[in-house]
Structures are given as C-alpha cells and as structure tokens.
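Report on the following structure.
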Amino acid sequence: MQTDERKNGGKGTCFEETVPAVRKRGWDLLIWGSVVLFTLLYLSLIFNNNVWTDEIFSVNLFRENFGQIIMDTAEDVHPPLYYFLGRIFRLLFGDSLQVQKILTIIPMSLTLVLGATKIRRFFGNGVSFLFLIFLGCIPCSMEYAVQIRMYSWALLCVTACALAAWEIYRDGRWSSWIMLSVSAVAAAYLHYFSFVSVIIINGLLLLVLLLTKENRKKLGKWVLFSLLMVAAYLPWLPYFYAQVTRVEAGYWIPPITAETIWSYFVWAFGLEPLPQTAFVFLGISILAGVFCIFAVMNEEQEIRERGGFAFFCMAVPTLTAAGGIILSFMKQPIYRDQYVFPAMGLFCLFLAIGCVRMRKEAVVLILVFLLFTGGISYRDAFRAEYKATLTEQTEEFFRENLGENDLVVYNYQAYYFNYKYYFPEDRLFYVRDVDLSQDFDEIWFLDTDFEWDFVPDQILPYNLQIEYVGHYGIEHNEFDLYRVTKGITE
C-alpha cells in the first residue's frame, strides 16, 4: 500500500510537501482514530425510542415477510432492498430500535473505512484524512448516520461505485467491474436518486473510456456489465414504472422555487443556529475547485488524473440534484434536499482532493472550521435524539399509568400512524370514532391544538368526568393530556 504523498499525488504543493513528515504510525492513528471516533459518536445517539414518521414506516415494514415488503414498497415511492436488510437484521438480532439504528450506522462506518483503505491507497494519507473529516463533520451527515432509512446504505453504494469506476480507469481488473456493477445495482434497489447517481457514474465512465485512447479497449466490458446491470434490475422495472406514473399523477412535495433551491445548500452545509456556515462551505468548494483546475493543468499525469477524478466526483451530486430539480420543473415536484445525500461522499472526496493541494496553514484553518461545525452538528443531533421532544416523558407517564382496560383517544387523525407505534392498536381510537358505551376503566385523551375536542356533548350522555393531566407529546406533535373517568352512578 502506498502512503507516500508524492507517489500518490505528485510534488510541488505546500500541504503535500509537509505531511509526509508525519510517520506512518501517526497517519494510522489520525485516519483510523477518525473512523473509530465517528462510529462511537453515531453509537452514542441510538439509546432512545424517539422516531419520526418515515422511521416508523421502516420499522413496520421490517415486521412483514419478504413478499409483503415487496407489495408494500410497490405501493410506496421507494425500492425494497433496505427493507429486506431490515427484515434480515430483525430476524437475526431482534426487533429493538437500537438494532435497527445499528443497521443504519454500519454503512456509515463502512464508508469511513473506504476512506481509510481505498481512498488512502489511491490518493494518499492527506486526502484520506480530509475525506473522513469532511464526511464526518459536514452538517447533513450526522442525522442520516442514525436515521432508520436507506440513505446511509445508498451513500456507501454510490461511493463504492465511483471508486470502482476509478479503479476501472486505472487498471480495468474484473474485480473492479464486479464491484461497480454490484454497488450500482444495490444503489438502484435502495433509492431512486441513488439510482440516478450511479447512472451518472456509469455514463461519465463511458465518456472517459471514449475520450482516452488507451481505455477504449475496455468498452466491451462496459457494454457487458451495463447489460448485466439492466438485467438485474428488470424484476423491479414494472413496479418502478407504476411508482413513477403514480408520482406524476400527484405528489406531496411542494413546488421548487429559488428559495427552495437555496434551502438545499442550507440543509447540506448550514447549522441550525448558524446557517451562514453554508457560505463558508461554498467558499471552500470554490477554492477546492480552483486547485483541482490547477491540478488538471499540471504537467504530471498522476496529478492531472486526480484533478479530473475530483471533478468527476463533483459532477455526480451536482447532476443528481440538477436532474431532480429539472424534472420537478417539467412535471411534478419530486425532489427533496435529502435525496442528494447518497452522493455526498463523492462531494467530500472532491473537497479532500482539492484541499490537500492548499498550503498547510489554509488546511489547518479548514480543519478547525470542520471540527467546529462537526461539534455543533453532534450537539444538535444529540438534542434531537434525546431532548428535542417530549416522547421520553410521555412514554414514562404511560408506562406508569396506562391500565390494561384503558383506552387512548386522540384528535390528530394524521398521527394515527405514529400513535400506533407507541400505544396498543386495539385500544387506540380517533375521537370521532370511539364508542363511549364500551367497557373501560379510564380514557387518556391526547388533545392536539386546533383539532377536534373531546366535547361535552359527546361525554355528557355517559356521565363522564374529564380532568387535565399535563402537557406531553410524541415526536414533534405536542398535546394536552386529559384523564376521562366514569362518573358516580346512583
């Protein structure tokens, strides 16, 4: 394994000229220590039962058999692979929420391992370390490292696919083509915008093979493996077509405006208390791009190729987001900010390749900024997981007070999907549907503001008494809790 910066990146750049002075053991400590540190930070966020609507959808699907998962996802807007993984994990390790969150952390850690192994071997210690810090500290990454959704798996697959494309360009081994195909098909079965990203990767690879004379002999393999990838996706193609058609008929995502487009940058790079950090990240991106342009113009082939691959990496998230925005303008709004997350590993690699060529002092300032944003991002993620909602207090109250013959009545109808995750479904009723003549000990009424009340006309015929208990909440839906009991009959 080459770790010398000159062998992997050439000469003549200030940062690369100084970092080789750090011994291999020091680089091992920095690089693998970063992998372990971020993994431990992710693990520290999983010890709660605070989930949101899409995560509940995932957990519910994990309980179904594989055939039912196919049927349910066919009615949704996502492909089924992530839910298959969740089902397998549940069968092997149980159904605790922590188990399912670990399933999400595994691909995040594996993406970091790619940075410590393949990226380090291809581009050197400096790029490897910067990639890890960018990926770990970029504001949008911490949330999706522990969210029970498919995004972290898609991140791993898209990153692996691009690195396989680089290997194909460099040597074209069969193992690289297999890795490209497996990671691309997996990405396509995980999320439709990670599908878009790997299509872009494969298209850019074709363009590079066509434009470089020495690589044109690889075109036959490109055709062969592209056909194999298409064949591997054919079983899902009818469901994909049905989902796309259904989305075109109407979808809930709001129209895309200039303000919406800017919000994508704030989502990716802005901190909640300091959205201005988005401007700093954009500035770093511009500087990285300038240094990559200098690399492409360099006399040394190795440096030119690295600069070209950096732009290859930058093109994937850029074209993915641009494609989603253009389609949203042309037809129905279908694009959301998080849909580019699977390609953000490549954006971080672009930044790392560009920034490694800067002066040491500039890189140190960037690292300080990244560690600052990473610290704030972790603080915000910790608050979101443990302190941002009243879920923990609500669960504790009902553990102590919900009797076997009690009912839970709610007035926010849209939240039934969430409530049935926390309460027994057979004792959960919408306020306008509950039969008050049935046998019960107490009713716990979840009164969300601006929704239907448990009105006196409804309770008077049954001689019920209602008293205020306190203010509680599930996820981001807060409500006043009332105890409804039977009055004394003479």
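The Cα atoms of region 320-442 define a convex hull whose projected area, averaged across directions, is 12.9 nm².
FRET efficiency for the Y416 to L371 pair, using the beta carbon distance and R₀ = 45 Å, is estimated at 0.55. The accessible surface of the chain, taken with every protein chain in place and a 1.4 Å probe, is 63 percent carbon and sulfur.
A Cβ-based charge dipole, computed about the Cα centre of region 60-110 with Lys and Arg at +1 and Asp and Glu at -1, lands at about 240 debye. Using bins 10 angstrom wide from zero, how does P(r) for the chain break down, in % of all Cα pairs? Per 10 Å bin, starting at 0, the Cα pair percentages come out as 4, 17, 26, 24, 15, 8, 5, 2, 0, 0. Straight Cα distances below 16 angstrom link K24 to the aspartates and glutamates D4, E5, E16, with same-chain residues fewer than 8 positions distant left out.
Computed from point charges on the beta carbon alone (+1 for Lys and Arg, -1 for Asp and Glu), the dipole magnitude for the chain about its Cα centre is near 3880 Debye. Taken one residue at a time, the phi angles of region 97-114 give Karplus couplings (6.51, -1.76, 1.60, θ = phi - 60°) of 4, 5, 4, 5, 6, 5, 4, 7, 6, 3, x, 4, 5, 5, 5, 4, 4, 4 Hz. Gly and Pro are set to x. Positive-end ranking of L228, F193, L271 along the dipole of region 184-296, with charges on Cβ about the Cα centre, is headed by L228.
Annotation: the antiparallel percentage among DSSP beta bridges lying fully within the chain is about 70. Beyond 21 Å, what share of the Cα-Cα pairs of region 376-443 is found? Please give it as a whole percent. The share of Cα pairs beyond 21 Å in region 376-443 comes to 37 percent. Once the 1.4 Å probe is applied to the protein heavy atoms, region 84-176 comes out at 25 Å² accessible per residue.
Taking a temperature of 25 °C and a viscosity of 0.890 mPa s, what whole-number D in µm²/s does Stokes-Einstein yield for region 350-412 with Rh from Kirkwood over alpha carbon pairs?
152
Just how far, in whole angstrom, is region 189-224 from region 336-389 if you go by their alpha carbon centroids? Each part's Cα centre sits 28 Å from the other's.
With the gyration tensor restricted to C-alpha atoms of region 401-490, the semi-axes of the equivalent ellipsoid amount to 21, 14, 12 Å, longest first.
Return the Rg/Rh ratio of region 255-320 with Cα-based radii and a Kirkwood Rh.
Rg/Rh for region 255-320 comes to 1.11.
Between I253 and L91, the modelled labels are 3.3 nm apart [label points 7 Å from Cα along Cα→Cβ].
Database remark: amide H of L464 closer than 5 angstrom to the amide H of G487 (H placed geometrically; neighbours at sequence offset of 5 or more, or on other chains; Pro and chain starts carry no H).
Compare the peptides 153-162, 275-284, 423-432 by average per-residue count of other Cβ atoms within 10 angstrom and give them in order, highest first. Don't skip to the end; give the middle numbers.
On the way: 153-162: 28.5, 275-284: 16.1, 423-432: 14.5.
Top to bottom by mean Cβ count within 10 Å: 153-162, 275-284, 423-432.
Using every pair of distinct Cα positions in region 139-252, the Kirkwood expression returns a hydrodynamic radius of 15.2 angstrom. For the chain, the relative contact order is 17 percent, taking Cα pairs closer than 8 Å that sit 6 or more residues apart in sequence and dividing their mean separation by the residue count.
The values are calculated or read from the model by the stated rules, or taken from the named source; none is laboratory data. Fair warning: this is a prediction, and the values are worked out from it, not measured in the lab. Please note: Cβ atoms are built from the backbone with ideal geometry, for glycine as well, and neighbour counts cover all protein chains shown. Note: areas computed on protein heavy atoms with side chains; ligands, DNA, RNA excluded. Shrake-Rupley method; radii C 1.70, N 1.55, O 1.52, S 1.80 Å.
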